[in-house]
1. Using a 1.4 angstrom probe on heavy atoms only, work out the carbon and sulfur share of the accessible area of segment 388-442 in %.
2. Mind listing the phi-derived Karplus ³J(HN,Hα) values for segment 282-288, rounded to whole Hz, using 6.51, -1.76 and 1.60 with θ = phi - 60°, and x for any glycine or proline?
3. I need the phi-derived Karplus couplings for segment 149-163: 6.51 cos²θ - 1.76 cosθ + 1.60, θ = phi - 60°, integer Hz, Gly and Pro marked x.
4. Placing unit charges on C-beta atoms (Lys and Arg positive, Asp and Glu negative, everything else neutral), compute the dipole magnitude of segment 304-394 about its Cα centre in debye, rounded to 20.
5. At a Förster radius of 41 Å, what calculated FRET efficiency corresponds to the Cβ-Cβ distance of residue 318 and residue 341, to the nearest 0.05?
6. Of all accessible surface on segment 92-197 at a 1.4 Å probe, what whole percent is carbon and sulfur?
7. For segment 145-226, state which chymotrypsin sites (Phe, Trp or Tyr not before Pro) are in a DSSP loop and have at most 10 other beta carbons lying within 10 Å of their beta carbon.
8. Percent relative contact order of segment 349-447, based on C-alpha pairs within less than 8 angstrom and at least six residues apart?
Amino acid sequence: MSIDKREDDGPIIDKKDFAEDSTTTDLEGVLASVTEGGTLTQRELWGWWIWGWGVNGFGGSAQGVFIPVILSSLAVAASFRSDDPSQPCAGAENCIVRFGTMNVSPASFSLFNQGLAIAFQVVTFIQLGAIGDHGNYRKHLLFGCSLISQICCLLFIAVDSTGYQLAGIINIIANVFWGASWVFATSYLPLFAMLSPQVKRARQEGVPLHELVRVEQEVMSHISGRLILIAYTGGTVCFLIAAGAVLALRQTTYSLQVATAIGGGWWVTFGAVSWFLLTSRPSPPLPAGENYLTYPWKRLYRSLKTGHRLPDMTTILIANFFFSDARHTTISLAVLFAQFELKASNAILIVAAIVVNAVGALTIPCWRLLQRQLKLHSKTIIMTVVITYTILPAYILLGFIPGSPIGLKSTTEFIIIASYLGFVNGAQDYIMRSVFAETVPRGHESEMFGLFALTGQSGSWMGPLIVGKCFGDFRCIRDDTFHLARVIF
């Protein structure tokens, strides 16, 4: 594939590689469609950021802490003895529950449920990703997917003590459409960069290509970093409110269901505000003769076939797969480790989640300042985060040493590790999306961010399934740290 560098338009992708007709191959046509509404406004930016403030009512609290504990607790309550399925488990060894046609341990149920949710995400992201690049659907799909996930959060409050299977189904739907909403939200990032006054001014002045790229990178880093900072902060505030409800209701499983519903209500409230502020930017129409059912799969095939000709984007996608798998496995493993190995109370889990969000929000400006002051390339930040992440599984493995007082042996260490995760996760969230946005071909934002989500959140299926299987077979979560270390390294 040839990539012709223009000083006024940026990278242009050969038509036979990434498009099917002149509508999507004509970059000027794409830019005309995108910029129909003029220059990016602060009102529109704040609409995007306010959506981020609300979305972590689910992603930062419900999904990370409340729902895994809800699923595990409901599964434990419904479990039965493996040697006599007619008898409830009642705290005995070798407890099992049904997961589809399989028998799994109650502690593994949430991990298998997460793996199944990711399988559905793969199909959903592919089907919806390319559609967002055509017509006037990006905004509608963003808020439509958000609404489905929000309703699922609210439905958790209606699940009774025997409804662990129903809770699992609701969680799958909520996860799928939460992830899909992020696809459409992040696809705005390169569009906002093109519409920003700084980039438009640079184009009008005819600055050299390398200078134009630098300006676009700065703009994307700024607005992406602000989004993640606001999302972390909003998630922390929502979590504090939800945690108050949990403590007021005496830390029961039902109190966690109420907290999850609070997260959904938080997202609904600020999502409604965002709807009125965010502008609907039209994109080129669907190519003649195509339909919305088969067109996304054809584009996926062409993108994969020509992906090797975009080496930077392909490298980021591969790295994102393994890094995200390690990250999401760490989060799932940490919650189960604290619950079953350290016997941590719900209050400890709540404190840990607050620490993760608060430290993430506080460290994002630090990473931005560090990058700007030291003039660090985004790649350097990513490698620093990866190297920093490898310390965690190595530290936990110290717990295998006989008599070792460290290696995640206490809830105090668990809180310290939570702050450590907030430190590195904030940097990853801040930098990865803006780096990937630099490689996305014009007019293919939703499709390519669908692939990004596919290798990120939806690519995180491997770790949870392996961890769930290992814990079900060996009943030792610490052993699963070996898998986590292998994925990171």
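1. Here carbon and sulfur together make up 72 percent of the probe-accessible area.
2. Here the 3J(HN,Hα) series is x, 10, x, x, 5, x, 4 Hz.
3. Computed from phi, the couplings for segment 149-163 are 5, 4, 4, 4, 4, 5, 5, 4, 5, 9, 7, 8, 5, 9, x Hz.
4. 380
5. Plugging the Cβ-Cβ distance into 1/(1 + (r/R0)^6) gives 0.80.
6. 72
7. Qualifying residues, ordered by number: none.
8. So the answer I get is 45 percent.
The values are calculated or read from the model by the stated rules, or taken from the named source; none is laboratory data. No experiment lies behind these values; they were computed from the predicted model shown. All Cβ positions, even for glycine, are placed from backbone atoms using ideal geometry, and neighbour counts span all protein chains on display. Surface areas here come from the heavy atoms of the whole protein model, side chains and all, with no ligands, DNA or RNA. Shrake-Rupley method; radii C 1.70, N 1.55, O 1.52, S 1.80 Å.
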